[in-house]
1. Run the helix sum for the chain: -39,500 (n - 2.57) per DSSP H stretch of 4+ residues, divided by residue count, reported at 222 nm to the nearest 500 deg cm²/dmol.
2. Stretched out fully, how many nm does the piece from residue 57 to residue 88 gain, at 0.36 nm a residue minus the Cα gap?
3. Å³ per residue of the Cα convex hull, for segment 3-119?
4. Each label point is 7 Å from the Cα along the Cα-to-Cβ direction; what then is the distance between the points at residue 27 and residue 75, in nm?
5. How do the peptides 87-95, 46-54, 31-39, 72-80 rank, highest first, by the average count of neighbouring beta carbon atoms within 10 Å per residue?
6. Fully extended, how many nm does the chain gain between residue 42 and residue 110 (0.36 nm per residue separation, minus their Cα-Cα distance)?
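Derivation of every value follows stated rules applied to the coordinates shown; laboratory data play no part. This one's a predicted model, so the numbers in the text were calculated from it and none came from an experiment. Note that we place each Cβ from the backbone using ideal geometry, even for glycine, and neighbour counts take in every protein chain shown.
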């Protein structure tokens, strides 16, 4: 069973994403901001990370860049899941190392399909 780390400063978003993932057989861990998310990723080594962008202190773009540049976490795929829906946001997110960029509210089917495709299951 794959472990997915949800990094989002909204308890509601964490709850919604966690339910979607759990309903599809994934284990879920969460962190409420970018800094904690990076620390948790290093600690639990998730199979995939869902990253919000708009968060206090360290935003999702910065956290994604740090994760993708750190040899310890570089192999963990990061999917950005954000309300920021401009094409420039998507391009910038991928430049920071994100494998996918999904816009909130995310469709459960789309999210699960992309996760399955990334994890090869």
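1. Here the helix-only value at 222 nm equals -14000 deg cm²/dmol.
2. Extra length available between residue 57 and residue 88 comes to 9.0 nm.
3. Convex hull of Cα atoms, per residue: 86 Å³.
4. For residue 27 paired with residue 75, the spin-label model returns 1.7 nm.
5. With the highest mean Cβ count within 10 Å placed first, the list reads 46-54, 31-39, 72-80, 87-95.
6. The residue 42-residue 110 span can extend by a further 21.8 nm.
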